[in-house]
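Right, one structure below, let's go through it.
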């Protein structure tokens with residue numbers, strides 16, 4: 001359904017593509033909405049694991065912001081969530097609201113070392129949760145409204161947002 005970017009795909013086509021009977025498909029996903037929810041949940045789990053891999057590949061604190069924004073940009077460019085939104089926008093918006101707390105937690109964990117440095121540099125605690133919520137809402141909006149001009153690359157925009165929220169010059173927060 002997602003790969004074909006179509007609202008018109010029948011459950012029987014999905015069962016055939018998955019190599020299972022319609023009975024088996026309906027046992028696990030009794031409705032089309034349940035199937036889309038399952039796809040969405042799998043997509044978010046892949047996001048979490050992908051973020052962990054991106055951070056493991058670039059473990060240095062000074063590379064943390066770059067690792068986060070480059071991963072999110074690549075994720076956005078993959079377009080899987082945009083395809084899912086196009087199938088059933090109302091359901092996907094509802095599911096997005098449901099996963100926002102998880103996405104915020106992923107960002108909080110990912111940015112922990114950067115938050116510590118920013119608090120030392122600023123001499124004051126940051127409202128980490130608000131920063132995470134703003135980043136997640138902004139990056140989620142890029143799914144539906146990707147920037148068109150090359151100078152507005154998502155990684156650059158997200159990096160600028162993080163630096164502004166941390167109240168740190170970019171040269172202190174990342175290389």
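A short reminder: the numbers here are calculations on the coordinates, not readings from a lab. All of these numbers come straight from a predicted model, not from anything done at the bench. Methodologically, a virtual Cβ is constructed for each residue, glycine included, from the backbone with ideal geometry; neighbour enumeration extends over all protein chains shown.
Based on the Cβ-Cβ distance of residue 161 and residue 11, what FRET efficiency does E = 1/(1 + (r/R0)^6) give at R0 = 45 Å, to the nearest 0.05?
With a Förster radius of 45 Å, E is 0.65.
Measure nothing fancy, just the Cα-based angle from helix 128-144's long axis to the longest principal axis of the chain, in degrees from 0 to 90, nearest 10.
50
Label residue 60 and residue 117 with points 7 Å out from Cα along Cα→Cβ: what is the distance between them in nm?
Calculated label separation equals 1.0 nm.
Once the Cα atoms of helix 154-166 and of the chain are each reduced to a long axis, what angle between those two axes, in degrees from 0 to 90 to the nearest 10, is obtained?
50
For every helix of n ≥ 4 consecutive DSSP H residues, a contribution of -39,500 (n - 2.57) applies; sum these over the chain, divide by its total residues, and give [θ] at 222 nm rounded to the nearest 500 deg cm²/dmol.
Estimated from H runs of four or more residues: -24500 deg cm²/dmol.
Taking the Cα centroid of the range 26-71 and of the range 109-134, what is the distance between the two, rounded to the nearest whole Å?
22
Note the full-extension length gain between residue 124 and residue 52 as 0.36 nm times their separation in residues minus their Cα-Cα distance, in nm to one decimal.
23.1 nm
Just the Kirkwood number for the range 25-139, please: inverse of mean 1/r across all distinct Cα pairs, in Å, one decimal.
15.5
What spacing in nm lies between the two simple spin-label points modelled at residue 23 and residue 145, each 7 Å away from Cα in the Cβ direction?
According to this spin-label approximation, the distance is 4.9 nm.
Using a ≥ b ≥ c from the Cα gyration tensor of the range 74-117 (square roots of the eigenvalues), is it rounded, prolate or oblate, where a/c under 1.5 gives rounded and otherwise the larger of a/b and b/c decides, a/b for prolate?
The shape class here is oblate.
How do 136, 121 rank when sorted from fewest to most other Cβ atoms within 10 Å of their own Cβ?
By the 10 Å Cβ count, ascending, the order reads 121, 136.
Among 116, 16, 83, which one moves the most in a GNM of the chain with springs linking Cα atoms closer than 10 Å?
Most flexible of the set in this elastic network: 16.
How would you classify the range 86-154 from its alpha-carbon gyration tensor, with a ≥ b ≥ c the square roots of the eigenvalues: rounded for a/c under 1.5, else prolate if a/b is greater than b/c, otherwise oblate?
Verdict is oblate for the range 86-154.
Which whole-number percentage describes the relative contact order of the chain, with Cα contacts under 8 Å and a sequence gap of 6 or more?
27
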